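Let me begin by presenting the structure, written as structure tokens, before commenting on it.
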Amino acid sequence: MTIRKITSLTAGINLVLLVLTSVVLYITPMGRVAYWANWKFWGLTKAQWGDLHLNLGLIFLLAALLHSYYNWPAIISYLKNRARTLTVFTGDFSVALVLTLVVGLGTFFMVPPMSTVINFGTTLKDMAAKRYGEPPYGHAELSSLELFVKRVGLDLEGSKKILLQAGIRFDNDQQSILAIAEDNNLSPHELYGIMKQAAAQAGGFFPAS
């Protein structure tokens, strides 16, 4: 067991996991949709996948720096020309730099195939929005029940009655939509659906005077 081997293996393992988390974050719905629908993949929410990606990235960065330290002579050799003189802009380095610049500038100016990758991701997120539904307003799930029904034009007392009749448990009208949904094993989207459906069947609610 050596630090050099542990460093290399740590970098390799985390690189694979970073690819996995990158793919998952690429296909996840937009934040407002993911939080509203309580979207999960393999039991993890969008926020949890993001946290995992961040910390794996930090471990990979530290391992990569340590790997560079242990392999510094080899790295320096890559920057030497045929005369064995240290030259940063060797042919290999120039190709690597050009490839990086092409991807970076292509992304900035939205040039294919970089733009194709981005547009495809946008298409996936739009499809997810249609499948899971959009919240009535940004971060609606964080609003209290009282504020939420006011924002969507429903009567508070009528909405509370609907929830109780549907077997939905909640502490009070200051509890957030997200907390109520989680306590009842629902997504905020499903909770709102119950309220809307019952309100429609009752002919709608008018704000209490």
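The values are calculated or read from the model by the stated rules, or taken from the named source; none is laboratory data. Quick caveat, the model's predicted, so the values are computed rather than measured. Here the Cβ is made from the backbone with ideal geometry for all residues, glycine too, and neighbour counts use every protein chain on show. Quick note on the areas: whole protein, heavy atoms, side chains included, nothing else; ligands and nucleic acids left out. Shrake-Rupley method; radii C 1.70, N 1.55, O 1.52, S 1.80 Å.
Data table
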item: Under the Karplus curve 6.51 cos²θ - 1.76 cosθ + 1.60, θ = phi - 60°, whole-Hz ³J(HN,Hα) for segment 21-30, x wherever Gly or Pro sits; result: 5, 5, 5, 4, 5, 5, 9, 5, x, 4
item: C-alpha long axis of helix 114-132 to longest principal axis of the chain, angle in °; result: 20 degrees
item: The chain: Lys pairs at Cα distance under 20 angstrom, eight or more positions apart or on different chains; result: 10
item: Exposed-site-free run, longest, the chain (rule: chymotrypsin sites (Phe, Trp or Tyr not before Pro); DSSP loop; at most 10 other C-beta within 10 Å); result: 110-209
item: Heavy atoms of Val103: accessible area, 1.4 Å probe, square angstrom to 10; result: 80 Å²
item: With Cα atoms, 0 to 90° folded angle of helix 91-108 axis to the chain main axis; result: 20 degrees
item: Per residue value of the accessible surface for segment 1-144 (all protein chains in place, 1.4 Å probe), Å²; result: 68 Å²
item: Label assignment, semi-axes √(5λ) of the Cα gyration tensor in Å derived from the structure, set (1) 37, 16, 16; (2) 53, 20, 12; (3) 23, 20, 18; result: (2)
item: Accessible area of segment 83-197 belonging to carbon and sulfur atoms, whole % at 1.4 Å probe; result: 62 percent
item: Rounded tilt (10° steps) of 46-70 against the dominant C-alpha axis of the chain; result: 10 degrees
